[in-house]
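So the structure is just underneath, and the comments pick up after that.
The values are calculated or read from the model by the stated rules, or taken from the named source; none is laboratory data. Since we're looking at a predicted model, the values are computed, not measured. We place every Cβ from the backbone using ideal geometry, glycine too, and count neighbours over all the protein chains shown. Areas reflect the complete protein model, heavy atoms only, side chains present, ligands, DNA and RNA absent. Shrake-Rupley method; radii C 1.70, N 1.55, O 1.52, S 1.80 Å.
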Amino acid sequence: MSIEARGLTKRYGDKTAVDDLTFTVRPGMVTGFLGVNGAGKSTTMRLILGLDSPTKGTVTVNGKLFSRLYSPMRELGALLDAKAVHGGRSAYSHLLCLAQTNDIPRNRVDEVLSVVGLSGVARKRSRGFSLGMSQRLGIAAALLGDPEILMFDEPVNGLDPEGIVWIRNLMRGLAADGRTVLVSSHLMSEMEHTADHLIVIGKGKLIADCTMAEFIARSGQQAVRASTPQPGALARAVLAAGGQATITGDVTVGGSPELEVRGLPLERIGDVAFAAGVPLHLLAPARASLEEAFMELTADSVEYQAGMAISGQRAHATVTEA
Amino acid sequence: MAHLTDQPGGPAPAQPVRAVPAATRRSGLPGTLLSEFTKLRSVRSTWITLAVFFVASVVIAVLAAAGDRRNSGQAQFDPARDSLAGMLYLGMLVIGATGVLAIASEYGTRMIATSLTAMPRRAVLYAAKAIALACVTLVVALVTAVTSFFAGQAAVASTHAGASITSPGTLRALLLATLFVPCFALVAFGLGAVIRHTAGAITAVFGLVFLLPMILGAFPASWSNALGRWLPDNTVLLQIVAAKPTGQHDLFGPYGELAVFAGYAVIALAAGAMAFCRRDA
């Protein structure tokens with residue numbers, strides 16, 4: 001129940017889309033496949049499915065080439081491109097023709113349509129579907145064979161907030177069942193609440209392959225936002241306890257100035273403030289820094305970027321060495 | 001705690017509930033063929049093109065036979081040929097487009113990626129597509145040939161020179177007209193698989209059908225006479241469905257001319273298979 005890439009490389013002409021990727025996607029968790037647009041995520045997924053053949057290296061599903069699987073849809077379900085359907089065909093017929101290739105019974109088609117909430121439009125031609133509905137149809141196709149491995153390429157594109165929560169819960173549920181779930185995204189913020197493990201690539205190369213917790217730990221996630229009407233007193237108390245505090249200049253809704261505190265765990269900052277008699281109006285992990293860390297990590301691998309100086313190389317080094 | 005003693009080893013490990021029965025056979029041609037039939041019947045364009053082919057063929061059969069009525073006294077009068085030639089032209093135009101669409105539309109809509117994710121064995125998918133297309137066009141061609149024949153004979157009934165199904169050569173003409181259509185559909189299908197682009201492939205098919213004989217006409221007669229039998233030329237098509245073959249020395253017989261098209265179908269299918277199985281999807 002795994003996907004294994006070994007030295008996977010794909011060149012189109014003189015352009016290298018995927019460059020010597022080695023990774024394993026394991027069961028029982030959601031693996032986030034992260035990289036900026038054009039980093040090679042979709043190409044990697046096409047290589048996994050055998051849609052394109054690698055220039056070098058191999059990628060296997062359950063130890064076999066995807067095309068050698070006994071009943072491919074029962075082993076791996078994939079959503080690569082929600083619009084990759086014939087628009088003149090109804091949702092039901094689309095799923096039926098896919099199910100028939102793997103001898104999956106008809107009633108399963110109705111089942112997955114209801115799982116994704118498309119039963120009401122099952123007989124409608126998919127040409128009229130919104131992007132969100134198309135994503136749901138693509139997810140239904142992936143679920144048809146009740147596979148142990150699921151792969152989604154940018155599944156939340158075009159979904160409304162309700163749809164995003166729905167797919168997040170779906171992926172978490174599939175992983176909790178013990179399934180292998182690989183989901184790609186170019187946004188860290190999406191992965192933050194979904195993925196247990198991260199594979200980060202840039203310009204086709206592997207940048208990081210680690211747990212979400214490790215990634216957070218390496219990303220300066222230790223920064224904590226605190227807000228108090230007595231910022232000076234809190235800064236002194238934090239300093240005395242061995243941390244650093246910076247007044248950010250932001251204020252909370254209540255009007256209290258904000259500080260960014262580093263070098264102390266969140267609980268300790270609370271204790272320090274309490275001991276110093278400083279009232280706290282806010283104490284929270286500085287979430288934004290996770291997205292920043294990702295940006296910094298992939299900065300040197302961004303193909304088209306606006307002219308801004310980024311110290312990407314340093315971040316790269318700190319993450320890969322650990 | 002009594003229930004625990006019933007299971008001294010603790011609860012049995014949870015068996016995953018399978019929503020789909022396990023596969024009883026390797027996914028292969030039977031299921032994929034069924035799938036390709038579903039694909040064909042579930043899009044409106046299939047029904048429209050086949051209906052256009054049928055109706056237009058029958059109408060042309062009636063018009064052509066009626067127009068040829070004045071020659072009914074002559075020995076070469078061939079009402080079977082008159083009623084079946086139209087479906088060959090329409091076969092190339094309309095069924096040619098159907099053959100191209102059967103595969104190129106999957107590239108146009110990118111459905112091909114979804115299809116290959118369900119059935120990654122490319123040779124199986126390609127064969128299923130070709131067989132489904134051949135079956136559907138064969139059945140439609142048979143119905144069209146028989147209907148066109150009887151409609152055409154009805155149009156010349158007043159001359160009492162119409163052919164009957166038992167007249168010499170009639171059954172052969174019906175058989176070859178029927179076989180020509182799936183042969184040509186497969187030529188178009190193979191080109192569609194190589195070109196992967198609906199408009200481009202349809203242009204290529206029409207170029208072969210209409211431009212090649214025209215270009216050939218510009219060459220010296222000795223050349224065009226020698227090559228004409230290999231092309232979808234007017235005289236060639238009429239030869240295929242002739243109940244009374246002309247015996248022109250430039251042409252093969254009806255079976256021979258159909259075999260030429262069958263040969264093109266084999267070549268196009270093979271080229272398409274190479275492209276389909278080897279190139280990135």
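Some observations on this one:
- Considering only segment A:3-216, percent of DSSP beta bridges that pair antiparallel, nearest 5: 50 percent
- The distance from the alpha carbon centre of segment A:109-152 to that of segment B:173-238 is 42 Å, rounded to a whole number.
- The simple Förster model, with R0 at 51 Å and r as the Cβ-Cβ distance, assigns B:ALA271 and A:ALA217 a FRET efficiency of 0.35.
- Loss of accessible area when A meets B, both sides summed, Å² nearest 100, probe 1.4 Å: 3400 Å²
- Under a Gaussian network description of chain B, with springs only between Cα atoms under 10 Å, the residue in B:LEU211, B:LEU101, B:LEU238 that fluctuates furthest is B:LEU211.
- Cross-link pairs beyond the 20 Å C-alpha cut-off, checked among A:LYS15/A:LYS56; A:LYS56/A:LYS83; A:LYS83/A:LYS205: A:LYS56/A:LYS83; A:LYS83/A:LYS205
- Paramagnetic label zone (point 7 Å from Cα along Cα-to-C-beta, A:ALA233; backbone N under 19 Å) in segment A:248-282: A:248, A:252, A:254-261, A:268-282
- Using a simple spin-label model with pseudo-atoms 7 Å out from Cα toward Cβ, A:ALA240 and A:ASP110 lie 7.2 nm apart.
- Cα-based helix-to-principal-axis angle, A:288-298 vs chain A, degrees rounded to 10: 60 degrees
- Over the residues of the protein assembly as shown, the helix contribution to mean residue ellipticity at 222 nm works out to -16000 deg cm²/dmol, using -39500 (n - 2.57) for each DSSP H run of at least 4.
- Distance between the C-alpha centres of segment A:1-28 and segment A:29-107: 15 Å, rounded to the whole angstrom.
- At R0 = 35 Å, FRET efficiency that the Cβ-Cβ distance of B:ASN225 and B:ARG25 yields, to 0.05: 0.05
- Contour excess over end-to-end distance, with Cα ends at A:ARG68 and A:VAL251 and 0.36 nm allotted per residue: 59.9 nm
- Ordering A:208-215, A:273-280 by mean Cβ neighbour count within 10 Å, with the highest value first, yields A:208-215, A:273-280.
- Share of carbon and sulfur in the accessible heavy-atom surface of segment B:172-281 [1.4 Å probe, %]: 74 percent
- Distance between modelled label sites at A:ASP160 and B:GLN74, nm, 7 Å Cα→Cβ extension: 7.2 nm
- Most mobile listed residue (B:VAL124, B:VAL20, B:VAL55) in chain B, GNM with C-alpha springs under 10 Å: B:VAL20
- Rolling a 1.4 Å probe across the protein heavy atoms gives the protein assembly as shown an accessible surface of 44 Å² per residue.
- Span-like helix ranges in chain B, DSSP H, alpha carbon extent 27 angstrom or more, Kyte mean at least 0.0: B:44-67, B:122-155, B:170-195, B:254-278
- Rounded to the nearest 20, the Cβ-based charge dipole of segment B:29-278 about its Cα centre (Lys and Arg +1, Asp and Glu -1) stands at 620 debye.
- Highest-MSF residue in chain A out of A:TYR12, A:TYR70, A:TYR92 [GNM, Cα springs under 10 Å]: A:TYR12
- On Cα atoms only, tilt of A:131-143 relative to the major axis of chain A in degrees: 70 degrees
- Peptides B:144-154, B:188-198, ordered by how many other C-beta atoms sit within 10 Å of their residues on average, highest first, read B:188-198, B:144-154.
- Nearest-20 debye value, chain A charge dipole, Cβ charges on Lys, Arg, Asp, Glu: 960 debye
- Since only A:SER126, A:LEU170, A:LEU143 are under comparison, the one whose Cα sits farthest along the positive direction of the charge dipole of segment A:53-194, derived from C-beta charges on Lys, Arg, Asp and Glu, is A:SER126.
- Think of the protein assembly as shown as a dipole: +1 on every Lys or Arg Cβ, -1 on every Asp or Glu Cβ, centred on the Cα centre; then among A:ALA241, A:HIS281, A:ILE216, A:ILE216 lies furthest on the positive end.
- A loss of 50 Å² or more of accessible area (1.4 Å probe, protein heavy atoms, ligands and nucleic acids excluded) relative to the isolated chain is seen in these residues of segment A:56-77: A:SER67, A:TYR70, A:ARG74.
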